[in-house]
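The values are calculated or read from the model by the stated rules, or taken from the named source; none is laboratory data. Being a predicted model, the structure only gives us computed values, none of them experimental. FYI the Cβ positions are ideal-geometry reconstructions off the backbone, even for glycines, and counts take in every protein chain you see.
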Ligand code: GLN
């Protein structure tokens, strides 16, 4: 856990104006480092405030740094240092699969690991499904909508629906779908229940459900613990409750040949694999590691 920054304001009491971007960036990097925050946050804030790319920022180091922008920059650095407000909440977006997604306190901030899940599923669909019969996809736990929207953008032939129990999350997801012109249908409800209720079927079910055990809450960084929605992070039953719920509902939703893929916590591979095997005895669930060599995905053709 990060230690609470002490006297953060005192350290910069004399900072009233920086001569240029370079000075501001140097101050911020040291200040962030001093408080165990990631130094990269400074560049992300600068890029946003200046509407510049990283290379444009680097090229503008010796240029003037407008006063009013400086004030905003300093304020945001404080907000991040003092209470761990994620940089994505300060700027209002995060990139996922190369696209910009609106985020706020109502949705989980997209993680790069989830890009690997989406990539794997897109590849599997490409291999196994006939383009003439577009696969029906359900994204369970839409959050900001990253999974469903990205799938639709990458493979426009897909028929994509996404479900979430949080109305506020769905509002964000809908804005993202609109901004990115993605034809995804959003449904409010508990896991697969709304689809079961109307007898809807799917060929692909993909989900990054809440999977952190409540026991691990204290070990989370405050940037996550205090700012991502609890509903998106935590699950009962050692973090396995959402997998169980979805798995037991799956037989009522999947078509004959279907792909099921979950993002998992790095210690949950065996448990989720076993669960899938119990519900679909003929399946051969595979555990896939992420770029950091941690178990991250369980998937199977069922
Ligand atoms: N599907 C969204 C994501 O992957 C939200 C997941 C969640 O809230 N657990 O970011």
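Could you grab the pairs with beta carbons closer than 6 Å, sequence gap of 6+ or different chains, first residue in segment 34-49 and under 17 Å from residue 75 (Cβ atoms), second one at pLDDT below 95 and not in a helix (DSSP H, G or I)? Matching pairs, first to second residue: 35/5.
Scanning segment 80-101 for residues that are at pLDDT 95 or above, over 16 Å from residue 172 (Cβ atoms) and surrounded by fewer than 16 Cβ atoms within 10 Å (Cβ to Cβ) gives a single hit, 98.
Look at residue 195 and say whether it is closer than 27 Å to residue 284 by Cβ, modelled with pLDDT of 95 or more and either under 21 Å from the mean Cα position of the chain (by Cα) or in a loop (DSSP other than H, G, I, E, B) (or both). Can you show your working first?
Values: closer than 27 Å to residue 284 by Cβ: yes; modelled with pLDDT of 95 or more: yes; either under 21 Å from the mean Cα position of the chain (by Cα) or in a loop (DSSP other than H, G, I, E, B) (or both): no.
In short, no.
Looking at segment 76-88, can you tell me whether even one residue there is outside any helix (DSSP H, G or I), more than 16 Å from the ligand (Cβ to nearest atom) and free of Cβ contacts under 8 Å to residues at least 60 places away in the same chain? No, segment 76-88 contains no residue that is outside any helix (DSSP H, G or I), more than 16 Å from the ligand (Cβ to nearest atom) and free of Cβ contacts under 8 Å to residues at least 60 places away in the same chain. Taking segment 105-144 as the range and being touching a helix residue (DSSP H, G or I) at 6+ places or on another chain (Cβ under 8 Å), away from the ligand (no atom under 13 Å from the Cβ) and assigned to a loop (DSSP other than H, G, I, E, B) as the test, only 135 passes.
State whether the residues of segment 237-253 include one that is outside any helix (DSSP H, G or I) and either touching a strand residue (DSSP E or B) at 6+ places or on another chain (Cβ under 6 Å) or at pLDDT below 95 (or both). Walk me through how you get there before you give the answer.
Within segment 237-253, the first condition is being outside any helix (DSSP H, G or I), and the residues that meet it are 240, 253.
Add one more test, that the residue is either touching a strand residue (DSSP E or B) at 6+ places or on another chain (Cβ under 6 Å) or at pLDDT below 95 (or both), and what stays is 253.
Within segment 237-253 (the criterion being outside any helix (DSSP H, G or I) and either touching a strand residue (DSSP E or B) at 6+ places or on another chain (Cβ under 6 Å) or at pLDDT below 95 (or both)), the answer is yes, since at least one residue qualifies.
The numbered conditions (1) within 25 Å of residue 119 (Cα to Cα); (2) more than 15 Å from the ligand (Cβ to nearest atom); (3) part of a helix (DSSP H, G or I) are all true for residue 258 except (3). State all residues of segment 48-76 that are within 9 Å of residue 21 (Cβ to Cβ) and in contact with a helix residue (DSSP H, G or I) (Cβ under 7 Å, 6 or more places away or on another chain); if no residue qualifies, say none. Correct list: 50, 57, 60, 61, 62, 63, 65.
When segment 205-229 is limited to residues that are under 20 Å from residue 267 (Cα atoms) and assigned to a helix (DSSP H, G or I), the one that is nearest to the ligand (Cβ to nearest atom) turns out to be 224.
Restricting to segment 145-159, count the residues that are farther than 24 Å from residue 245 by Cα and part of a loop (DSSP other than H, G, I, E, B). Walk me through how you get there before you give the answer.
Step one: list which residues in segment 145-159 are farther than 24 Å from residue 245 by Cα, which gives 150, 152-158.
From the residues that got through so far, the ones that are part of a loop (DSSP other than H, G, I, E, B) too are 155-158.
Of the residues in segment 145-159, 4 are farther than 24 Å from residue 245 by Cα and part of a loop (DSSP other than H, G, I, E, B).
For first residues located in segment 227-239 and at positive phi, partners that are part of a loop (DSSP other than H, G, I, E, B) and more than 13 Å from the ligand (Cβ to nearest atom) and lie 6+ apart or on another chain with Cβ distances below 9 Å form the pairs 238/267; 238/268; 239/267; 239/268.
Scanning segment 93-104 for residues that are more than 13 Å from the ligand (Cβ to nearest atom) and on the phi > 0 side of the Ramachandran plot returns a single hit, 98.
Residue 295 versus (1) out of contact with any strand residue (DSSP E or B) (no Cβ under 6 Å at 6 or more places or on another chain); (2) farther than 17 Å from residue 123 by Cβ; (3) touching a residue at least 12 places away in the same chain (Cβ under 8 Å): which is the lone unmet condition? With respect to (1) out of contact with any strand residue (DSSP E or B) (no Cβ under 6 Å at 6 or more places or on another chain); (2) farther than 17 Å from residue 123 by Cβ; (3) touching a residue at least 12 places away in the same chain (Cβ under 8 Å), residue 295 is out only on (1). Restricted to segment 145-181, and to residues there that are more than 14 Å from the ligand (Cβ to nearest atom) and touching a helix residue (DSSP H, G or I) at 6+ places or on another chain (Cβ under 7 Å), the residue that is farthest from residue 200 (Cα to Cα) is 180.
Only residues that are free of Cβ contacts under 8 Å to residues at least 60 places away in the same chain and either assigned to a loop (DSSP other than H, G, I, E, B) or surrounded by 15 or more Cβ atoms within 10 Å (Cβ to Cβ) (or both) were counted in segment 160-192, giving 17.
Screening segment 121-155 for residues that are without any contact (Cβ under 8 Å) to a residue 12 or more places away in the chain and more than 23 Å from residue 285 (Cα to Cα) and picking the one that is farthest from the chain's Cα centre (by Cα) gives 132.
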